[in-house]
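Values in this text are rule-based calculations from the coordinates and carry no lab data. Computed from a predicted model, the values in this text were never measured in an experiment. Cβ placement follows ideal geometry from the backbone for every residue including glycine, while neighbour counts extend to all protein chains displayed.
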Amino acid sequence: MSFDFDTPVERRGTDSGKWAWFGEDVLPMWVADMDFRSPQPIIDALEARVQQGVFGYGMDSKALKETLVERMQRLYGWTIEPEAIVMLPGLVSGLNIVSRAVGAPGDSVLTNTPVYGPFLTAPINQQRRLLTSPLQETRFGRQLRYDLDMAGLEKVIVDDTRLFLLCNPQNPVGRAFTRNELEEIAAFCEQHDLIICSDEIHCDLLLDETRHIPIASLSPAVAQRTITLMAPSKTFNVPGLGASLAIIQNAALRKQVEQAMAGIVPHVNILGVVAAEAAYAQCDAWLQALRAYLTANRDFAIEFIETHMPALNYTCPEATYLLWLDCRNAGIGDKPSEYFLREAKVAMNEGVWFGEGGEGFVRLNFGTPRAILEDGLKQLKAALDRAAVALP
Ligand SMILES: Cc1ncc(COP(=O)(O)O)c(C=O)c1O
């Protein structure tokens, strides 16, 4: 079966957050949604549901939960019960709900940086204190690699730390943590009696032959202290439909989370549920083709940067469609995204939004047709060349 990821889809004029935020002359390579059409089974399922024409309140879908139970078993050998699944309208909500559900006001929450911005704000929003420890950055030639720094985590943890927020696969650095690394995290959380909230929203966006391992699948003991967050949103390009989920096998912990949601968190959008069901049940072939396309996009971008942008260092992500670009030696100032927006007309995320270790970086989204990616890279190169000319 072949799938077309090459033909651009016009997204201007659709109130797309990604495309409408900046001016018409700006190429948006920032927020994490892709420029591809969703797989046809999702579009067909939505069309059929829309044609039925009645959009009353929904309830949890038994079919979706059964599909998820089967999927966790098939992909990860992870046995979960349907009752463990709690539907959520989004995972930023999920991070906030979990921060609110675990521990008490004033307790602390620990995470690694750089990391997706809401990891840093959710604990604060919920009257917790935030503790952070940077991932370890190593450079091989111009390629950056990020690893866990367990000694760093040991240094910052305190007695009132109750929760560890894990991002796996990691946004923005693109790591998919290995079994050994996850075992280290799990051992650390067991030793300090921490609840683990593992945001695995990018778990299907695997590049090359990378495998994803849910941390909760390591052992029943780890599962008992873990809340896993997942969603079809990033993978199948349906983030605007608002259907996500938490897997919480520990019944007491699940109750705490449900109590933190009570009266505040709305039901999941009924069309989002339809899309999620079709995504998880019928779109494996599309997903396989998407992974190959994204892997080729990543390689194309890296080759272009290696050849034409000598001032930048970069990550080679194992998962996600995000490149983390080190602009510290490019002579473009301490807000590189502003430079590129002004001089290249390309929008990317500013590194500082991802916390400590993000200074001087930008995040580039390569989940777009190759021709658009190439245009964006050429515009970035031209802007960097002008900066190099301007250097004394
Ligand atoms: C790690 C991570 N968690 C959560 C989200 C957002 O989730 P939602 O759109 O469901 O709020 C993103 C979006 O980029 C993300 O990268």
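So what is the relative contact order of segment 15-131, in percent, for Cα pairs below 8 Å that sit 6 or more residues apart?
Computed value for segment 15-131: 15 percent relative contact order.
Hey, for a label at Ala262 modelled as a point 7 Å past Cα toward Cβ, could you say which residues of segment 100-119 have their backbone N under 15 Å away?
101-102
Could you work out which residue, out of Asp208, Asp35, Asp159, moves most in a Gaussian network model of the chain, that is, has the largest mean-square fluctuation with Cα springs under 10 Å?
Among Asp208, Asp35, Asp159, the largest GNM mean-square fluctuation belongs to Asp159.
So what is the orientation-averaged projected area of segment 243-313, using the convex hull of its C-alpha atoms, in nm²?
Projected over every direction and averaged, the Cα hull of segment 243-313 covers 8.7 nm².
Which of the GluC sites (Glu not before Pro) across segment 1-83 are loop residues per DSSP, with 10 or fewer other Cβ within 10 Å?
Within segment 1-83, the qualifying GluC sites (Glu not before Pro) (loop, at most 10 other Cβ atoms within 10 Å) are Glu10, Glu24.
Taking R0 as 41 Å, what FRET efficiency do you get between Asp25 and Tyr57 from their Cβ-Cβ distance, rounded to the nearest 0.05?
Calculated value: 0.40.
Take Thr307, project a point 7 Å from its Cα along the Cβ direction, then tell me which residues of segment 351-373 have their backbone nitrogen under 12 Å from it.
Residues passing the 12 Å test: none.
For segment 230-256, list residues with backbone N below 19 Å from a point placed 7 Å from the Cα of Glu47 toward its Cβ?
Zone members listed by number: 237-238.
From the convex hull of the Cα coordinates of segment 198-256, what is the mean projected area in square nanometres?
Values: hull surface 18.7 nm².
So the mean shadow area of the Cα hull is 4.7 nm².
Determine the shape class of the chain: with a ≥ b ≥ c the square roots of the Cα gyration tensor eigenvalues, call it rounded for a/c under 1.5, and otherwise prolate if a/b is greater than b/c, oblate otherwise.
Oblate is the answer for the chain, as a/c is 1.5 or above yet b/c matches or exceeds a/b.
Can you tell me the length gained on complete extension of the stretch Lys255 to Arg11, counting 0.36 nm per residue apart and subtracting the Cα distance?
The Lys255-Arg11 span can extend by a further 83.8 nm.
If you take the Cα atoms of segment 275-318, find Rg, then find the Kirkwood Rh from the mean of 1/r over all pairs, what is Rg/Rh?
Reported Rg/Rh (Cα atoms, Kirkwood Rh): 1.22.
Tally Lys and Arg at +1 and Asp and Glu at -1 over the other residues with C-beta under 14 Å from the C-beta of Arg211: what net charge comes out?
It works out to a net charge of -2.
Can you give the FRET efficiency to the nearest 0.05 for Glu183 and Ala292, using r as the Cβ-Cβ distance and R₀ = 41 Å?
Using R0 = 41 Å, I get an efficiency of 0.85.
Could you name the lysines in cross-link range of Lys65, using Cα to Cα under 20 Å and dropping any fewer than eight places away on the same chain?
Lys234, Lys255
Placing unit charges on C-beta atoms (Lys and Arg positive, Asp and Glu negative, everything else neutral), compute the dipole magnitude of the chain about its Cα centre in debye, rounded to 20.
For the chain, the charge dipole is close to 360 debye.
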